[in-house]
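Heads up, the thing below is written out as structure tokens.
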Amino acid sequence: MQEEKNENEQAGTYKVDGLTYRYSYTQSEQVSDVEELGFGIAKFIFDDCGDMTLESSEKKEREERFQNYIKAGSGKVSEKEAKEKVSGLVSGNWEIFESSSKSLTEGSTTLEKDDFIFERMIDGVPVNYVRETSLPVNEQALEWENEDGTLHEGQSEGWENEVLTMDFCSGTLQSFLHRNPIEASNASDERLFLLPFDEVKDIFEKTITLQVMTEDKNRLISVDGGSHYRYPSIDAQSAEITITKVQLGYMCMPDSEGSDTEAVLIPVWDFYGTWTSKEPEYEYGNGDDGPVIGDVTMDDAGVPLLTIDARDGSVIQRIQAGWAASMGSKDIK
């Protein structure tokens, strides 16, 4: 085992059954608060290689890792088994937000890869998972420079969402990540009126098209026909949006005093979905550089196309918290 340490971080590597893992533990500036805990395969966590041509050394290493996964693992991991493993690592109640499985093949060997995304449960209600990188950047959290060269620090107006994920290959853990943990306290006994879902659904149907047309942040960057942003570009010739899940749960909001260590949980409806669009792209290398129309898809899990306050029906603009956000353990009221 090898370890590295600095003031707020500890990291190291160790081997189990021929697999080298790297772990890291990051402590926030808040004393005793954990900002991030993670461990995973020290080298890249392989997935499908697709049409990639591997060097002989890379191919050999991949074959060896396949055999080590088989030796260390127990086959496919069920959702029940994944939840049991999480309960042994992290305090609190957790449910699976999304799970996926795929087969990976190398030569005559096939492995099952199982990925799990969890969300925290508070009194039976989820704190809705959000894929934060799909959201618009909080521009207030970015540093900026005025005309005389004076550099100004960003001001946070958002919160980083809690993340808990686990990936397995042939039943062997590939990676574990817990980031931005929260601690719930001071539960209110106030009874809230929530709008009937039919009213919320009507608000969504009347709002989503305008939202897609007017949001101008984090527009399309596609790679091989895929995008990770929550909306198609404003230049799309056509687009089709599919709602995959509608979920009532909690969302963290800064409290009225603007604390960077405390927030409140409010009930919201998140409309998760995917989209496909026909987008103008650019083709290079054939002598004539010019736009062509290509099919682009966004099918990431946990992308909220619209978030609606369950109390009054107002649309909530989810944004990335940005670099200036506090990422320590949060106390939630």
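The values are calculated or read from the model by the stated rules, or taken from the named source; none is laboratory data. Quick caveat: nothing in here was measured; it's all calculated off a predicted structure. All Cβ positions, even for glycine, are placed from backbone atoms using ideal geometry, and neighbour counts span all protein chains on display.
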query: Name the pairs: first residue in segment 195-209 and within 14 Å of Trp269 (Cα to Cα) and loosely packed, with under 15 Cβ neighbours inside 10 Å, second residue at pLDDT below 95 and charged (D, E, K, R), Cβ to Cβ under 8 Å, at least 6 apart or on different chains?
result: none
- prompt: From the residues in segment 70-80 that are in contact with a Phe, Trp or Tyr (Cβ under 9 Å, 6 or more places away or on another chain) and surrounded by 13 or more Cβ atoms within 10 Å (Cβ to Cβ), which one is modelled with the highest pLDDT?
  reply: Val77
query: Tell me, which residue of segment 292-333 that is modelled with pLDDT under 65 and among the basic types (Lys, Arg) is surrounded by the fewest Cβ atoms within 10 Å (Cβ to Cβ)?
result: Lys333
message: Just to be sure I understand the filter: pairs with C-beta atoms under 8 Å, separated by 6 or more residues or on different chains, first member in segment 52-63 and under 13 Å from Thr109 (Cβ atoms), second member modelled with pLDDT of 70 or more and not in a helix (DSSP H, G or I). Which pairs pass?
response: Glu63/Thr109
query: How many residues does segment 91-114 contain that are buried (at least 16 other Cβ atoms within 10 Å of the Cβ) and modelled with pLDDT under 90?
result: 5
- prompt: Taking segment 175-200, which residues are among the hydroxyl-bearing types (Ser, Thr, Tyr) and over 21 Å from the mean Cα position of the chain (by Cα)?
  reply: Ser185, Ser188
field: Residue that is farthest from Asp309 (Cα to Cα), among those in segment 115-137 that are surrounded by 20 or more Cβ atoms within 10 Å (Cβ to Cβ) and free of Cβ contacts under 8 Å to residues at least 60 places away in the same chain
entry: Asp115
query: How many residues does segment 123-164 contain that are part of a strand (DSSP E or B), at pLDDT 65 or above and touching a His at 6+ places or on another chain (Cβ under 8 Å)?
result: 2
- prompt: Pairs under 7 Å by beta carbon, first residue on the phi < 0 side of the Ramachandran plot and assigned to a loop (DSSP other than H, G, I, E, B) in segment 73-96, partner surrounded by 14 or more Cβ atoms within 10 Å (Cβ to Cβ) and of a type in the set (A, V, I, L, M), six or more apart or different chains?
  reply: Val90/Leu164
